[in-house]
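To keep things clear, I will list the structure first and then write my remarks on it.
The values are calculated or read from the model by the stated rules, or taken from the named source; none is laboratory data. Every value quoted in this text rests on a predicted model; they were computed, and no experiment measured them. FYI the Cβ positions are ideal-geometry reconstructions off the backbone, even for glycines, and counts take in every protein chain you see. Calculation scope for accessible area: heavy atoms of the full protein, side chains included, ligands and nucleic acids excluded. Shrake-Rupley method; radii C 1.70, N 1.55, O 1.52, S 1.80 Å.
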Amino acid sequence: MREVPFGLEWLPREIETGRTRITGNQADLTVFLGIFNAAAFMGDLLRSIRNQSWTSSLNLLIVDNNSTDDSLQILLDALPEMDGNITVVRNVTNVGALGSLYRNADLIETEWLTFMHQDDVYLPNFLDSCLREARRASDAPVSTISFDYRTVEGASASAHSPNPTWFAKGTPGYVAFQESLANQSIPWPCTVFRVEYLLENPVPFHSSAFLDTEIALNQVNFGENKYIPEVVMNYRVHGESGSHS
């Protein structure tokens, strides 16, 4: 079992349900979905989950960060209609997005990890593509694999962000990665992380607003970082989201 960073194992949590719907070989990729007061986004979020191809190679770990609305209940009510190997946890204390990940790190049993965010929209190819690229990189020193995405503002049609979403051409690879960071061109909302690197090089959770961004910034000097020019999600910008407001 993996260790919990920062001594967070002492913080109370409740494992609401753990359910295996799909049997087979051990999973390769865990999908971490953290929710907090997500009732307004739950319809789109559940559609994003149902639109994926869930197989025995995927685990879904959902952690409610002590929501004060009925997010968790909506989710639990929808659970019987959802495919996949799913674990649902409720943190008794809100420890922030990254703290929530680290508190439940012991529940991640796979080599790779990716995120779903409660207020974005994931295309049906999202997890198929993440799993495909993780398997291609299984024997290589890769710490992150990032995909392309499109941005939606309000009710407008999705479009590429003003900043380019392709890698810079600097060499060696870490220079290109840093140049892309400077141009804000890495698509953080759809990045796959090798768990070994993620947990051995933790980011101080108390300082994090965008957990996958901070992790990826921290990962830049470890392993390799790949970019796949394939659109797998729509990143939504709207005032109702705490991370966007």
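Could you check, for the range 108-126, whether at least one of its residues is of a type in the set (Val, Ile, Thr), within 26 Å of residue 236 (Cα to Cα), open to solvent by 10 Å² or more (accessible area, probe 1.4 Å) and touching a strand residue (DSSP E or B) at 6+ places or on another chain (Cβ under 8 Å)? Yes: the range 108-126 contains one or more residues that are of a type in the set (Val, Ile, Thr), within 26 Å of residue 236 (Cα to Cα), open to solvent by 10 Å² or more (accessible area, probe 1.4 Å) and touching a strand residue (DSSP E or B) at 6+ places or on another chain (Cβ under 8 Å).
Looking across 86, 74, one residue alone is among the β-branched types (Val, Ile, Thr) and either open to solvent by 20 Å² or more (accessible area, probe 1.4 Å) or over 19 Å from residue 127 (Cα atoms) (or both). It is 74. Determine, yes or no, whether residue 59 is touching a Ser or Thr at 6+ places or on another chain (Cβ under 6 Å) and open to solvent by 10 Å² or more (accessible area, probe 1.4 Å). Answer is yes for this residue.
With open to solvent by less than 40 Å² (accessible area, probe 1.4 Å) and in contact with a Phe, Trp or Tyr (Cβ under 9 Å, 6 or more places away or on another chain) as the only criterion, which of 91, 104 stands out?
104
Taken over the range 5-51, the criterion of being among the aliphatic types (A, V, I, L, M) and farther than 25 Å from residue 68 by Cα is satisfied by 22, 27, 29. Sub-8 Å Cβ pairs linking a first residue in the range 13-39 that is over 30 Å from residue 138 (Cα atoms) and open to solvent by less than 40 Å² (accessible area, probe 1.4 Å) to a second residue that is among the acidic types (Asp, Glu) and modelled with pLDDT of 85 or more, at least 6 apart or interchain, are 38/69; 38/119; 39/69; 39/70, ordered by first then second residue. Here 51, 66 are screened, and the one residue that is surrounded by fewer than 21 Cβ atoms within 10 Å (Cβ to Cβ), in contact with a Pro (Cβ under 7 Å, 6 or more places away or on another chain), polar (S, T, N, Q) and in contact (Cβ under 8 Å) with a residue 12 or more places away in the chain is 51.
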